[in-house]
Amino acid sequence: TGESDRINSYLKIAVNNNVKAIFPSAKTYGMDKDIFIPDGCYIIIDGEMKDIADIAIYNKDNYTDVRPEYTGNGNIVICGRGVINANADGFTDHGSTTIRLMHGHDIEISGITLKNFGGYHGVEVIACNNVKIDNVNFMNHIMSPSGSSHSTFESVIQIEAAVGDSGQSGAYPYDKTPVKNVIISNCVFNGEEGKYINTGIESQAQSTTGETYYHKNIKIYSNKFYNVVNHCIVPYRWIGSSISGNYSYTSGKAFIGNISSNLGFSMAESIISNNIIYDSANNETTDTSDIFAINLNASSNVNITHNAINGCKTGVLSLFGVCNKCQFS
């Protein structure tokens with residue numbers, strides 16, 4: 001049954017009394033309205049939180065809450081051994097991002113399983129500082145129907161600046177605040193046949209040529225990607241970042257993809273190292289595609305080293321645009 005009003009009230013009570021909000025195992029909690037996580041909230045999910053009305057979980061006090069830069073709700077933990085079931089296959093066209101973090105700070109998501117998500121993203125990190133996503137099992141991506149307005153935006157974790165209302169519902173203000181200090185580690189991106197991951201971790205080229213925001217210190221390590229339909233990781237305007245120690249097995253396109261075209265660079269002052277990349281660009285051919293295992297655009301000072309690459313259907317490394325001082329070894 002729909003219990004969002006009770007859940008939202010419970011989260012406030014927990015914070016006001018300085019206790020953890022616990023959702024016990026062997027229980028299913030129906031979410032029929034958006035969930036709003038207060039500042040300083042510690043949530044333990046051991047049961048199942050199930051979306052029954054195409055809702056989102058926000059780090060806000062209410063939908064219209066406005067917090068510039070990194071002043072939104074923070075000091076938030078979502079952990080446990082339970083499940084958030086986005087239930088996207090229960091709707092004709094699921095349109096919500098399940099967890100939407102906006103202008104927040106010091107947020108951790110760990111241990112849980114997020115499954116059956118679709119529409120936009122599983123977790124959206126917009127204009128946040130200090131976010132850690134660790135040991136989360138992302139499984140069963142539900143693609144939107146062909147022709148849906150959501151169908152080209154469906155990555156599991158989206159890292160983006162607060163650019164505008166299109167696709168960033170509720171991320172007020174749209175002040176182009178970038179993301180800083182994100183760790184995504186020890187996660188598994190996987191799905192069943194017909195529900196494979198579309199794209200793993202991505203930043204989109206949402207701004208026009210000439211924008212100058214940069215996402216800083218994005219660290220992606222020790223994750224596993226299985227049967228990804230498109231790209232595993234898509235960096236865009238990342239500075240001082242690292243992609244290391246990850247494992248990917250069979251991707252339709254690249255392990256590191258490029259969507260930025262002439263709108264901006266992929267990475268700068270960053271490292272790509274010690275990744276195991278098996279059977280990438282699986283849906284590409286050398287005759288028709290320039291998508292290789294690793295693709296960068298207009299990048300500078302990127303060290304690509306000690307990666308094990310096997311079974312790529314096209315090539316190993318593709319540099320687009322003007323790339324400076326990139327090393328490959």
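On the stretch given as the range 138-157, residues that are open to solvent by less than 40 Å² (accessible area, probe 1.4 Å) and either among the acidic types (Asp, Glu) or modelled with pLDDT under 95 (or both) total 9.
Across the range 195-206, the number of residues qualifying as open to solvent by 50 Å² or more (accessible area, probe 1.4 Å) and assigned to a strand (DSSP E or B) comes to 0.
For residue 192, state whether it is in contact with a strand residue (DSSP E or B) (Cβ under 7 Å, 6 or more places away or on another chain), more than 21 Å from residue 133 (Cα to Cα), modelled with pLDDT of 95 or more and surrounded by fewer than 17 Cβ atoms within 10 Å (Cβ to Cβ). The answer is no for residue 192.
Every test in (1) at pLDDT 95 or above; (2) touching a Gly at 6+ places or on another chain (Cβ under 7 Å) is passed by residue 21 save one, and that test is (2). Quick one: count up the residues across the range 280-326 that are in a loop (DSSP other than H, G, I, E, B), touching a residue at least 24 places away in the same chain (Cβ under 8 Å) and either out of contact with any strand residue (DSSP E or B) (no Cβ under 6 Å at 6 or more places or on another chain) or open to solvent by 40 Å² or more (accessible area, probe 1.4 Å) (or both). Qualifying residue count for the region: 23.
With respect to (1) touching a helix residue (DSSP H, G or I) at 6+ places or on another chain (Cβ under 8 Å); (2) at pLDDT 95 or above, the lone exception for residue 94 is condition (2). Could you list all residues from the range 259-278 that are open to solvent by less than 40 Å² (accessible area, probe 1.4 Å), assigned to a loop (DSSP other than H, G, I, E, B) and either modelled with pLDDT of 95 or more or of a type in the set (S, T, N, Q) (or both)? Correct list: 260, 266, 275. Scanning the range 9-44 for residues that are open to solvent by 50 Å² or more (accessible area, probe 1.4 Å) and within 17 Å of residue 98 (Cα to Cα) yields 28, 32, 33.
The values are calculated or read from the model by the stated rules, or taken from the named source; none is laboratory data. Just so it is clear, the model here is predicted, and its values are computed rather than measured. Positions of Cβ are generated from backbone atoms using ideal geometry, with glycine treated the same way; all protein chains shown enter the neighbour counts. Heavy atoms of the whole protein, side chains included, go into the accessibility calculation; ligands, DNA and RNA do not. Shrake-Rupley method; radii C 1.70, N 1.55, O 1.52, S 1.80 Å.
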